[in-house]
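Novice: Here you go, one structure.
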Amino acid sequence: MTTHTTDSVAPCKRCQEPSVLISRSEPFCKKCFVKFVQYKQKKRMEDYKVNYTPGAKVPDVLLPLSFGRSSLALLDMVADMLRFQSSTHGGRQGLHLHAVHIDETGIHGMDGDVQETLQNLRAKYPECSTITSVKLESFLEDPSVNREVVKIVASTSTVSPNNTKELLAMLVKRTPQQDMLNIIRLKIIEKVARDLNCTTIIWGHSMTRLAELVISLTAKGRGNTISDILFSEQSEPRILYPLNEVLGSEVADYIQVQSLDQFVLSSLSRRPATTKLQSIDELVNQYFVSVEQGFPSVVSTVVKTAAKLAPSSAVYESRQLEVSTCKICGGPAMPDSLEWLEKITVNFPPSADGLQENQDHQESKDTSNELCYGCITLFKDSMVSELNWPKRSTKEEVLAEYSLE
Amino acid sequence: MSDSVKSSLRLCQLCNAEKPVLKRPKTGQRLCKSCFYYVFETEIHNTITDAKLFYPGERVAIGASGGKDSTVLAYVLKTLNERYNYGVEFVLLSIDEGIHGYRDDSLETVKRNKLQYDMDLEIVSYGDLYGWTMDQIVAQIGMKNNCTYCGVFRRQALDRGSVKLGISHVVTGHNADDMAETVLMNLLRGDTARLDRCTEIVTDSTDSPVKRSKPLKYTYEKEIVLYAHYKKLDYFTTECTYSPEAFRGTARALIKNLEAVRPSSIIDVIRSGESFVLKRKLQDEIKKAAAATAVATPATAPSDSKVINSKTTVPMTSTTTNTYTNTSTTVEPTSTTNPASATTSTTITTMPKSAPPTSTHHNIDSKGAPLPFTTTTKMRGRCERCGYLSNNKLCKACVLLEGLNAGRAKLDIAGSQDVSKGSALLSKQLETLSF
Ligand SMILES: [Zn+2]
Ligand SMILES: [Zn+2]
Ligand SMILES: [Zn+2]
Ligand SMILES: [Zn+2]
């Protein structure tokens, strides 16, 4: 943020009014800056114009709202777009906007009141069809939700998690916990989208956040899904990142000039001070914060480069690879993941050559085939050091337990 | 914690018998010496057999700098060659850049390694080859861009050294940390051309007659240090006095932090890198596949289909089962028109059948030796001045030399008539070539 404090103010390059900030080395007045940022969002969402075709259905669009700056900025921009559509098209809108917040206060505190903030937002944005919240815990409470996650987490331990908090606690470290939390959030958002018949999900991610995602997915062995997650063109529902050309610093500026600070809430589960205790996402976030100053073009370079990667489904189809769906994250699970890992991380002593190695493979394959590499890594990390896959009972074990001889 | 758990924690987590002496960087396991040596070496062996890196009778040069990576590489390759009967002849190939105090001492190390590992040693020096040592180059151009010069010169020196030895395969000591760093660097700097290929174990270059490979691509740098330490290997510790650019340092720091919070991060990054496929390349792939199915030509089938029929067991491949069945399943038994594979099944060592398929791009004659700078690679042209492979009138080294010789203080190849690429791009491409 480069807000002026002195009176030597350069004029806005676009309208010659006094500028209030500088972005991409250009001085902006408030009005022109808001226009500049909103233009980028509108360009991304130009498919959602008012449709005059008789009988045309107005699409329902879901906006996941974390109360972070990006999702609030996006909410403000889309609401503004709807207000404009409504005023110029006789009350018509190009989309019905549903904002949903995942209430995580059962897991970690927030530095403000969630329900009160939701109330205030409903009052501020009457253009929104709904602004609601859903509890994170619903992930386990709702019987219709995929319980595979619990099953698999339970199978790696002697106890079974009774609720989301216990489930996360079982993952021990910050990175697997945050990874699992992200997976759960995604599953909840997908379910809400289904429940509200939303055909599109719009995420608030800025370009900076997307660059962080590219690097952190790469760091977590999920690089094969970068294209699927960030640049998916034919997913169902449709996934859009309308702020993908807006820098993180510009989102912060937008929040300030639009006076939205009061709605920004953050988790009380703060980033640990020591690097060693931070999560991979937090490390990558810090990396971009530090590198952006010396090398400002890095963020856009990363996003542009990642955009050149092919979607995983196209790769697997072309190479005729049989890939299953990961039981945890729902991403593509390559059948070779564990084998690859075991070849380069040998886990048996010198004496136990040959046969034993093959046996190990056979036993561990059953579960690992159902998980993607990233999720295998997630569990491996959370189990301190050893990859201890739930193994099917051996013949001897079965006999010992069930044979009455 | 119960006493029984406590006491079991004191034992090696793999053999449960010996006292652990180290915490394994890759996994955090506490291991005894022999278990550590075993997993360390076996993982490299798995990497070699999986990629079918060598074939029996092959002569392979080890790019030896005297540093820990190439010293451990030489030691482990010697060990595995004997343990698994690869049947490979390894030769040490060293480049003398002419960096006083750095290279003088490291070359002494390499000379001792030659005796310790009983391998031939060839030293190629910048001074002899180009008439310029790195010290002289730096004295003229300053500290900026000197890695560009060094990269261009080293690459060509390695090629020339190999050709002189009649060798078409150089292995280098690039480790997993280097690989992970390269994956991140390519993303961070937008090096699309290399993004999907930088993790390949074999680098096949269109302008080099020599194949390069990286048997340590999954080996952690920290484990190389530990291995060299416990094995008491003789290596040279000082880094090159001319340090690389600042931005690479940021990626290195990030990887260090990632590894600290999740030890598997380094291989996780490599795993990601191996999965990268460019849209553009995939389209080409799909087009090619469509063309191939339209005209099913038996002549294009891989020629190694015969190997599985062979009763001769190649020692090196016998440890990995089904190494060849993947490729052979799609091959018609009658499709082989290649005369080499039509010969009897006992002449298994005459052709590099166990070499990776990519090696066919190289001009390897029937003895596995390259013809000096006559080539079937895509690069047709030769440097007018020195005869090195080049699409331009002058090769990159000669362009740089021309500048040096003209006494120019600045690297100005972007303005040169022969090189179409900018100097930034050039240095980018050359940066990863060092070993
Ligand atoms: Zn203005
Ligand atoms: Zn998964
Ligand atoms: Zn042991
Ligand atoms: Zn030349």
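The values are calculated or read from the model by the stated rules, or taken from the named source; none is laboratory data. For clarity, every value in this text was computed on a predicted model and none was experimentally measured. Cβ coordinates were reconstructed from backbone atoms using ideal geometry, including for glycine residues, and neighbour counts include every protein chain displayed.
Novice: Go over the candidates B:D135, B:D128, B:D178, B:D118 one by one and state the one that is away from chain A (no Cβ under 14 Å), among the acidic types (D, E), out of contact with any Leu (no Cβ under 8 Å at 6 or more places or on another chain) and under 30 Å from A:T301 (Cβ atoms). Steps first, answer last, please.
Specialist: Numbers: B:D135 fails: under 30 Å from A:T301 (Cβ atoms); B:D128 fails: under 30 Å from A:T301 (Cβ atoms); B:D118 fails: under 30 Å from A:T301 (Cβ atoms).
Only one candidate passes the filter, namely B:D178.
Novice: Do any helices (runs of 4 or more DSSP H) entirely within the range B:1-99 hold 3 or more residues that are of a type in the set (F, W, Y), and if so, which?
Specialist: Answer list for the range B:1-99: B:33-50.
Novice: For residues that are over 19 Å from A:D381 (Cβ atoms) and surrounded by fewer than 18 Cβ atoms within 10 Å (Cβ to Cβ), scanning just the range B:16-33, find the one that is nearest to ligand 4 (Cβ to nearest atom).
Specialist: For the range B:16-33, the residue satisfying everything is B:K33.
Novice: Every residue in the range A:83-133 that is of a type in the set (V, I, T) and under 20 Å from A:A73 (Cβ atoms), please.
Specialist: Residues of the range A:83-133 that are of a type in the set (V, I, T), as a first pass: A:88, A:100, A:102, A:105, A:107, A:114, A:117, A:130-132.
Those that are of a type in the set (V, I, T) and under 20 Å from A:A73 (Cβ atoms): A:V100, A:I102, A:V114, A:T117, A:T130, A:I131, A:T132.
Rundown of residues vs (1) within 22 Å of B:T237 (Cα to Cα); (2) within 11 Å of chain A (Cβ to nearest Cβ); (3) within 15 Å of ligand 3 (Cβ to nearest atom), yes/no style:
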residue	(1), (2), (3)
B:N16	no, yes, yes
B:V21	no, no, yes
B:Q29	no, yes, yes
B:E58	no, no, no
B:T71	yes, no, no
B:L80	no, no, no
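Novice: Tell me which residues, restricted to the range A:193-233, are in a loop (DSSP other than H, G, I, E, B) and either within 14 Å of chain B (Cβ to nearest Cβ) or touching a helix residue (DSSP H, G or I) at 6+ places or on another chain (Cβ under 9 Å) (or both).
Specialist: Narrowing the range A:193-233 to residues in a loop (DSSP other than H, G, I, E, B): A:196-199, A:203-206, A:220-222, A:231-233.
Matches in the range A:193-233: A:C198, A:T199, A:W203, A:G204, A:H205, A:S206, A:K220, A:G221, A:R222, A:F231, A:S232, A:E233.
Novice: Here's a follow-up. Considering only residues of the range B:254-278 that are more than 7 Å from every other protein chain (Cβ to nearest Cβ) and outside any loop (DSSP other than H, G, I, E, B), which is farthest from A:E317 (Cα to Cα)? Before the answer, list the steps.
Specialist: Start the filter on the range B:254-278 by keeping residues that are more than 7 Å from every other protein chain (Cβ to nearest Cβ), which leaves B:255-256, B:259, B:263, B:266, B:270, B:274.
Subset that is outside any loop (DSSP other than H, G, I, E, B): B:255-256, B:259, B:266, B:270, B:274.
Details: B:I255: 32, B:K256: 36, B:E259: 33, B:I266: 28, B:I270: 22, B:E274: 17 Å.
The qualifying residue farthest from A:E317 (Cα to Cα) is B:K256.
Novice: A:E317 is checked against (1) touching a strand residue (DSSP E or B) at 6+ places or on another chain (Cβ under 8 Å); (2) within 10 Å of another protein chain (Cβ to nearest Cβ) and fails just one. What number does that condition carry?
Specialist: (1)
Novice: Now a separate question. Which residue, of A:T345, A:T377, A:T325, is away from ligand 1 (no atom under 16 Å from the Cβ), modelled with pLDDT of 50 or more, crowded, with 16+ Cβ neighbours inside 10 Å and under 29 Å from the mean Cα position of the chain (by Cα)? Even if it seems obvious, please write down each step before you answer.
Specialist: On the way: A:T345 fails: under 29 Å from the mean Cα position of the chain (by Cα); A:T325 fails: crowded, with 16+ Cβ neighbours inside 10 Å.
One residue alone meets the criteria, A:T377.
Novice: Right, another one. When you scan the range A:193-226, how many residues do you find that are under 18 Å from A:Y241 (Cα atoms) and more than 16 Å from ligand 2 (Cβ to nearest atom)?
Specialist: Initially, the range A:193-226 is screened for residues under 18 Å from A:Y241 (Cα atoms), giving A:193, A:198-217, A:225-226.
Next, from what is left, pick out any that are more than 16 Å from ligand 2 (Cβ to nearest atom): A:193, A:198-212, A:214-215.
Here the count works out to 18.
Novice: Tell me, which residue of the range B:198-233 that is assigned to a strand (DSSP E or B) and crowded, with 22+ Cβ neighbours inside 10 Å is modelled with the highest pLDDT?
Specialist: Just the residues of the range B:198-233 that are assigned to a strand (DSSP E or B), to begin with: B:202-203, B:211-213.
Checking the rest, the ones that are also crowded, with 22+ Cβ neighbours inside 10 Å come to B:211-213.
Values: B:K211: 90, B:R212: 91, B:S213: 94.
This residue is B:S213.
Novice: Just to verify a result, which residue in the range A:330-344, among those that are of a type in the set (A, V, I, L, M) and outside any helix (DSSP H, G or I), is nearest to ligand 2 (Cβ to nearest atom)? Lay out the reasoning, then the answer.
Specialist: Residues of the range A:330-344 that are of a type in the set (A, V, I, L, M), as a first pass: A:333-334, A:338, A:341, A:344.
Still in the list and also outside any helix (DSSP H, G or I): A:333-334.
Values: A:A333: 6, A:M334: 10 Å.
Result: A:A333.
So that you can scan it fast, the table gives a plain yes or no per residue for (1) at pLDDT 95 or above; (2) farther than 19 Å from B:K164 by Cβ:
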position	(1), (2)
B:V60	yes, no
B:A64	no, no
B:V72	yes, yes
B:L77	yes, yes
B:E82	yes, yes
B:E89	yes, no
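Novice: Just give me the residues in the range A:124-136 being within 13 Å of A:H101 (Cα to Cα) and part of a loop (DSSP other than H, G, I, E, B), in sequence order. Before you say what the answer is, go through the steps one by one.
Specialist: We begin by selecting, within the range A:124-136, every residue within 13 Å of A:H101 (Cα to Cα); these are A:130-136.
Residue satisfying the conditions is A:L136 alone.
Novice: With the structure loaded, tell me whether A:L309 is touching a residue at least 40 places away in the same chain (Cβ under 8 Å) and of a type in the set (A, V, I, L, M) or whether it fails that test. Don't jump to the end; show me each part of the working.
Specialist: Values: touching a residue at least 40 places away in the same chain (Cβ under 8 Å): yes; of a type in the set (A, V, I, L, M): yes.
Answer is yes for this residue.
Novice: Among the residues of the range A:90-113, which ones are surrounded by 16 or more Cβ atoms within 10 Å (Cβ to Cβ) and touching a residue at least 60 places away in the same chain (Cβ under 8 Å)?
Specialist: Result: A:L95, A:H98, A:V100, A:I102, A:E104, A:I107, A:M110.
Novice: Now for a separate question. With the structure loaded, tell me whether B:S125 is of a type in the set (G, A, S) and more than 20 Å from B:C395 (Cα to Cα) or whether it fails that test.
Specialist: Working: of a type in the set (G, A, S): yes; more than 20 Å from B:C395 (Cα to Cα): no.
So B:S125 fails the test.
Novice: Suppose the filter is under 30 Å from B:N146 (Cα atoms) and either within 16 Å of ligand 2 (Cβ to nearest atom) or in contact with a helix residue (DSSP H, G or I) (Cβ under 7 Å, 6 or more places away or on another chain) (or both); does B:I44 pass it? Lay out the reasoning, then the answer.
Specialist: Working: under 30 Å from B:N146 (Cα atoms): no; either within 16 Å of ligand 2 (Cβ to nearest atom) or in contact with a helix residue (DSSP H, G or I) (Cβ under 7 Å, 6 or more places away or on another chain) (or both): yes.
Here the answer is no, as B:I44 does not meet what is asked.
Novice: While we're looking at this one, here's another question. Could you say which residue among A:V299, A:V289, A:V257 is surrounded by fewer than 19 Cβ atoms within 10 Å (Cβ to Cβ) and in contact with a Phe, Trp or Tyr (Cβ under 7 Å, 6 or more places away or on another chain)?
Specialist: On the way: A:V299 fails: surrounded by fewer than 19 Cβ atoms within 10 Å (Cβ to Cβ); A:V289 fails: in contact with a Phe, Trp or Tyr (Cβ under 7 Å, 6 or more places away or on another chain).
After ruling out the rest, the residue left standing is A:V257.
Novice: Further question: Of the residues A:P27, A:P59, which is more than 16 Å from ligand 1 (Cβ to nearest atom) and of a type outside the set (S, T, N, Q)?
Specialist: Details: A:P27 fails: more than 16 Å from ligand 1 (Cβ to nearest atom).
Result: A:P59 is the single residue among A:P27, A:P59 that is more than 16 Å from ligand 1 (Cβ to nearest atom) and of a type outside the set (S, T, N, Q).
Novice: Which count do you get for residues in the range B:31-47 that are within 8 Å of another protein chain (Cβ to nearest Cβ) and in contact with a Cys (Cβ under 8 Å, 6 or more places away or on another chain)? Spell out the reasoning first.
Specialist: Going through the range B:31-47, the residues within 8 Å of another protein chain (Cβ to nearest Cβ) turn out to be B:34-35, B:38-39, B:42-43, B:46-47.
Then keep just the ones that are in contact with a Cys (Cβ under 8 Å, 6 or more places away or on another chain); that gives B:34-35.
The total comes to 2.
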